[in-house]
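The values are calculated or read from the model by the stated rules, or taken from the named source; none is laboratory data. From a predicted model like this one, the values you see are computed outputs, not experimental measurements. In this analysis, Cβ positions are derived from the backbone assuming ideal geometry, glycine residues included, and neighbour counts consider all displayed protein chains.
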Amino acid sequence: MANITFLEAVAQAQREEMARDESVFLMGEDVSGNVYGSSGGLLDEFGPQRVLDTPICESGFTGVAIGAAMVGMRPIVDYTIASFMYLATDQLVSMAAKSSYMYGGQTHIPAVFRAAMFYNGGIAAQHSDRNYSMYMNVPGLKVVVPSNPYDAKGLLKTAIRDEDPVLIFEDGNLWGQKGEIPDEEYLLPFGQANICHAGSDVTIVAIAARVGESIKAAEALAKEGISAEVIDPRTLVPLDTATILESVAKTGRLLVVDQGHRTCGAAGEIAAMVAEKGFWNLQAPIKRLTAPDMQIPFSSALERGFYPDAAMIALAARELIEE
Amino acid sequence: MANITFLEAVAQAQREEMARDESVFLMGEDVSGNVYGSSGGLLDEFGPQRVLDTPICESGFTGVAIGAAMVGMRPIVDYTIASFMYLATDQLVSMAAKSSYMYGGQTHIPAVFRAAMFYNGGIAAQHSDRNYSMYMNVPGLKVVVPSNPYDAKGLLKTAIRDEDPVLIFEDGNLWGQKGEIPDEEYLLPFGQANICHAGSDVTIVAIAARVGESIKAAEALAKEGISAEVIDPRTLVPLDTATILESVAKTGRLLVVDQGHRTCGAAGEIAAMVAEKGFWNLQAPIKRLTAPDMQIPFSSALERGFYPDAAMIALAARELIEE
Amino acid sequence: MCAAVNFDISVWGGMSVDQSLLLEMYRRMGLVRQFDEAVQKLFNSGRIPGSAHLSIGQEGEVVGACMALREDDYMVGNHRSHGHPIGKGAGVNALMAEILGKSTGVNQGKGGSMHLADFSVGSLGESSIVGSGLPVAVGAALGSQMQGNDRVTLCFFGDGASNQGYFHEAMNMAALWKLPVVFLCENNGYGVTTPNNRAAALEDISARAAGYGTPSSIVDGQQCLEVYDAVTEAVERARRGDGPTLVEAKTYRYHHHSEGPLYDNMTYRSDEELAAWKLRDPLLLFREQLADSVAVADLDRMDEQVKQDIAAALEFAEQSPLPEPEEAYTHLYRTPVVVIEGELSNG
Amino acid sequence: MCAAVNFDISVWGGMSVDQSLLLEMYRRMGLVRQFDEAVQKLFNSGRIPGSAHLSIGQEGEVVGACMALREDDYMVGNHRSHGHPIGKGAGVNALMAEILGKSTGVNQGKGGSMHLADFSVGSLGESSIVGSGLPVAVGAALGSQMQGNDRVTLCFFGDGASNQGYFHEAMNMAALWKLPVVFLCENNGYGVTTPNNRAAALEDISARAAGYGTPSSIVDGQQCLEVYDAVTEAVERARRGDGPTLVEAKTYRYHHHSEGPLYDNMTYRSDEELAAWKLRDPLLLFREQLADSVAVADLDRMDEQVKQDIAAALEFAEQSPLPEPEEAYTHLYRTPVVVIEGELSNG
Ligand SMILES: Cc1ncc(C[n+]2csc(CCOP(=O)(O)OP(=O)(O)O)c2C)c(N)n1
Ligand SMILES: Cc1ncc(C[n+]2csc(CCOP(=O)(O)OP(=O)(O)O)c2C)c(N)n1
Ligand SMILES: [Mg+2]
Ligand SMILES: [Mg+2]
């Protein structure tokens, strides 16, 4: 066991997979210089072609990754910041997501697209996006949202070995968070949620950094005698609907916590799914706790309170229990 | 009153607004040649600068529209096909949606972005997108989905006069559909749903071409003694939640019908909203009827049955009633 | 820079290609032409869903460029791409079946006219999002470079596509990394109804190559051998590891942008212009050029064979079954994801 | 093509600009420098959320280019853009307040360092999505052309940005439509840690202009007047209706990409390189050039005034109130949309 940060876990996964399979390579802006901290040492170990600095052209280099994947390579694309994916949306949707299907399985795109979300740090509207929900709407993509170092490593390794395009949204607020990582190799399957805190009164489904806040909330609620179950879906596509539904069957109450925007967000998807399939078990309205449908302001005085924290989550859970 | 097609209604709205306000202009690929049929006669009437053919560069010309809007123009951008918007996603999200907010109201982007959705016509995965849901997740954009010629005209005129970026998704399957249009000028407000068929047993909220199918279903159901209320939101952002909630309060049952993909789609948003705010009125699970989370195949033998039609809607409504 | 060369066919034939190659070129040009003529008929009879973009008139550059490739090289097409896989050596049966949406089609009916692809002959697919194939081709070339093989990727794109940002990004990365890719601009003068000179600041797309230090040439796209020569030189450069080349073939499509009545009364181009181009038909020009070195009987025999092949392809396509409805739910993912049947609207 | 001219300042001063212009240039260069020095201090003391990108070292091209504009002309910046609005004539108080996230900031605290914008002086905002300002600038120029006024738009962008598809699309449309826009490439040799020659196929970004038939020039970005001259010529061309120009200013940023410890031990550039550039500091060079025509006392007086202005701006910013939390919910839309308070997580 080692106690390492989320970012170190990501770096480990990349290094291990690059060492294991020489078709795996990393590409993105300034990756060789390890500016963001997940590619330290890779240049020395694997050379400049497998740690490939790209010009600033997100749409083009995403296409390059897709083309390389078509001929047998396994690119890991680092967008650094999730907001820059918008430039690559056409390649991600029109090519990465659609190629396997529209060519009738003649090809497939085993590529990983990593993107970090740096909200809550005063970097304003153009750099603070938490945009996984947009890509969940695109069949053919898989969407991964790790909430801790252990998951980050295990899910990234699975993503690299997956034969399909996988988008990994890393919560920048978690990069520095530490956690225990086993010394031996492990992989985490997609579509398997993690019950982070067992409970029986209310189900809290939370995403990425909201998981930690929800666990804190659950601990606070426990002291008040409220037993909250916190579920981390880990992958949003595929989504482990069974674990969520089972929990709701037990608790009768669902709170979904998300740092993304509300409208058409992941929280809404989970809420809708339960309203369809878990309805008869519900004893109270489903509640979404999300960032507001607002762009992200620069001033900390304004951004403060935009993302549900433990106190807000506990409050919402209490309200649900009282319904 | 005139009986004209959806596409003629769009053309009328464009012509009237261009005549009314000389800062309004149309831009896009092949607009002067009226290839798609909504810009007939405009070149002669307004000249090549106000009916501006662009090179094929969706990201760039979207930025051009935004820049022109910043200095007082009111562009109408015609993407022809909604699938091409992916190339412009960065400009739509990072610039159009965010500029007013991040510049503290110093500027705003009065631009209209038109996109047609040509699903169900055998044009395969790359041209069949019904992608309004992705853009609903972006605060700062408004999203309009007209379901008939009357609405298409009234909503487009409102969009052109709106001070914010408005995305209009036109259902290509409706372009040829005819409807009555008043001779006098009219505008339709955003955020006001239309109750297309009154009923008391089940609420059907439907989008774009699904509205017509739902009305047909409601008529069929009526013969069986089932009274379905069909609601067309007309604009998805802003969404008229009040009308939907009132209807559900009456019927206790909600079916949401959408030609978009299921996961994180508009149907899910509406379902989640009702599961939150209309829960106590619900007498049955909410049901979503959508296109599958699948890309769109070319062969008609495969595409057939992808989008909910009147029969599927009636069936789903019946099932809801029996719950 | 690669200058276009005007061949003396007999000398040239003796130098670097033999008669069988010339005949094969002739055959493929015929196949491309007749394939599209057959598609046109199918379309007019309402048998083809969606749209169909024909390259009749452009066979010279299509085949000339493709034939400069090795069998194991890669090729990327676009929306106007029935000819490209044929040029690359794909069998016409499965292509025709795809166009009719049959289960025996190259894509099992999932792709259709705008997405013909035959990965077995290095045809890496045809993206109909204008310009989007450019970086994908660069990626395939990067893959070859990384794998240490000497495969070259040929990328077809139109004059219209050259105004997409993709063009710039692809050209820059290919030049920067000296990738084995050949960019073949099919400059047929129009994007839909917009003439090239109202979409591109300069008429010669090749003028842009200098900005990346990339060699370029302009060739007569109606002269199959001229294209073949320029692309051969570009392919050699790529294979040597000397990086990309941009070859601009000036050509023309006889048909409108796509089939159907939409363009019937459009005046974006004149009848005279079309007639002038038809005088320089790539098949006729090539037949004339071959006259000295190949027996007319051989050419006629080839024409007949092509006719039979297309007839057989039509027969094959017509006889093939439509895919079963449930096949709509395969191929989205390679590594399976549980799709709960009940969640599908038609489940 | 616009050739860069090396000025004899005294002759030139007499010809086309007067001393007050030179002094104003000097003042603005000082303001840009001292503004960023103040920002650096604020950042180091933890007062600034997020990131800060300084243009210390680049003041020559920033101010030289901006001063070639008329007051009612437009200017578009990017992420490294504290200097651009200052160059365009914006007051420093509201800029500094914005950097501290205060309600008196140009954007009322909503934009911050990467989005300074002062529309009142034609500063149309600064998009920090690399390259995205290019088409927006073209759009502003299109607006001017449509409105029949003779305003020119100046667009700043980096060497790194020139590899985005946006660059190509913007250049092409501007040239095609002969729009009144000047593209000013601030080639400071790096995008973050990646040297220009590992990102762009050719080191001179200006080489790309020929592909659009657009005039271009390379200027010494450390020489304010050289930049001023080239941009003046470009602005005149634009105002005449003769279309765009690309001016590439070779320059250097003394600081790393952005403030903070991240780059402390990075070796992407050498100390020698930095030292060599510092010898050609744009403020020093300009002071030397002015020596013959402007009294040293005048320059000193200007330095002093700038110092006071920055101190006052800091004072103003510090004293200004933070925005009220509910201000986070304004300005998203101009035409109101009902936002149901209860739907907000913090509602
Ligand atoms: C991104 C995108 N924009 C627009 C279209 C619609 N469209 C299809 S083909 C075409 C013209 C392409 O012109 P060019 O590249 O010259 O190819 P050509 O059709 O002349 O062979 C257009 C605009 C598209 N498919 N994709
Ligand atoms: C689309 C996009 N990709 C990446 C980034 C991250 N980033 C910010 S500035 C920068 C470098 C830009 O280089 P250049 O254009 O040369 O400007 P400079 O910083 O040198 O002034 C990068 C990669 C971004 N902001 N936007
Ligand atoms: Mg063309
Ligand atoms: Mg730079």
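Name the one entry in C:Gly143, C:Gly165 that is closer than 22 Å to D:Tyr166 by Cα and within 7 Å of another protein chain (Cβ to nearest Cβ). Outline the logic, then answer.
On the way: C:Gly143 fails: closer than 22 Å to D:Tyr166 by Cα.
When all the criteria are applied, what remains is C:Gly165.
So which of D:Gly111, D:Gly133, D:Gly122, D:Gly160 ends up being in contact with a Pro (Cβ under 8 Å, 6 or more places away or on another chain) and under 30 Å from D:Ala38 (Cβ atoms)?
After applying the criteria, what remains is D:Gly160.
Looking only at segment C:250-258, decide whether some residue is within 21 Å of the chain's Cα centre (by Cα), at pLDDT 95 or above, β-branched (Val, Ile, Thr) and under 26 Å from C:Asp72 (Cα atoms). No, there is no match, as no residue in segment C:250-258 is within 21 Å of the chain's Cα centre (by Cα), at pLDDT 95 or above, β-branched (Val, Ile, Thr) and under 26 Å from C:Asp72 (Cα atoms).
Here is the figure for segment A:233-247: residues that are buried (at least 24 other Cβ atoms within 10 Å of the Cβ) and either farther than 25 Å from A:Leu155 by Cα or touching a residue at least 60 places away in the same chain (Cβ under 8 Å) (or both) total 5. Of the residues making up segment B:28-53, those that are within 11 Å of chain C (Cβ to nearest Cβ) and outside any loop (DSSP other than H, G, I, E, B) number 4. When the strands (runs of 3 or more DSSP E) confined to segment B:80-175 are screened for residues that are without any contact (Cβ under 8 Å) to a residue 24 or more places away in the chain and closer than 30 Å to B:Pro297 by Cβ, none reaches at least 2 such residues.
Here's the yes/no breakdown for (1) within 14 Å of chain D (Cβ to nearest Cβ); (2) more than 16 Å from ligand 1 (Cβ to nearest atom); (3) surrounded by fewer than 24 Cβ atoms within 10 Å (Cβ to Cβ):
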residue	(1), (2), (3)
C:Val152	no, yes, no
C:Ala174	yes, yes, no
C:Asn196	yes, no, yes
C:Tyr228	no, yes, no
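Can you say whether D:Ala238 is of a type in the set (A, V, I, L, M), away from ligand 4 (no atom under 16 Å from the Cβ) and either in a loop (DSSP other than H, G, I, E, B) or closer than 30 Å to C:Leu134 by Cβ (or both), as far as the supplied structure shows? No. Can you pull out every residue in segment C:244-281 that is away from ligand 3 (no atom under 16 Å from the Cβ) and either touching a strand residue (DSSP E or B) at 6+ places or on another chain (Cβ under 8 Å) or more than 14 Å from every other protein chain (Cβ to nearest Cβ) (or both)? Of everything in segment C:244-281, those that are away from ligand 3 (no atom under 16 Å from the Cβ) and either touching a strand residue (DSSP E or B) at 6+ places or on another chain (Cβ under 8 Å) or more than 14 Å from every other protein chain (Cβ to nearest Cβ) (or both) turn out to be C:Pro244, C:Thr245, C:Ser270, C:Asp271, C:Glu272, C:Ala275, C:Ala276, C:Lys278, C:Leu279, C:Arg280, C:Asp281. Residue pairs whose Cβ atoms lie under 8 Å apart, sitting 6 or more positions apart in sequence or on different chains, and linking a residue in segment D:97-115 that is touching a residue at least 12 places away in the same chain (Cβ under 8 Å) to a partner that is surrounded by fewer than 24 Cβ atoms within 10 Å (Cβ to Cβ) and among the aromatic types (Phe, Trp, Tyr), are D:Ala97/D:Phe316; D:Thr104/D:Phe316. Listed residues C:Leu332, C:Leu299; which is surrounded by 12 or more Cβ atoms within 10 Å (Cβ to Cβ), free of Cβ contacts under 8 Å to residues at least 24 places away in the same chain and either more than 14 Å from every other protein chain (Cβ to nearest Cβ) or within 20 Å of C:Gly112 (Cα to Cα) (or both)? Answer to the selection: C:Leu332.
When segment A:294-308 is filtered for residues that are surrounded by 24 or more Cβ atoms within 10 Å (Cβ to Cβ) and either at positive phi or of a type in the set (D, E, K, R) (or both), only A:Glu303 remains.
Checked against (1) within 16 Å of ligand 3 (Cβ to nearest atom); (2) over 26 Å from B:Pro48 (Cβ atoms); (3) in a loop (DSSP other than H, G, I, E, B); (4) not polar (S, T, N, Q), C:Lys178 passes all but a single condition, namely (1).
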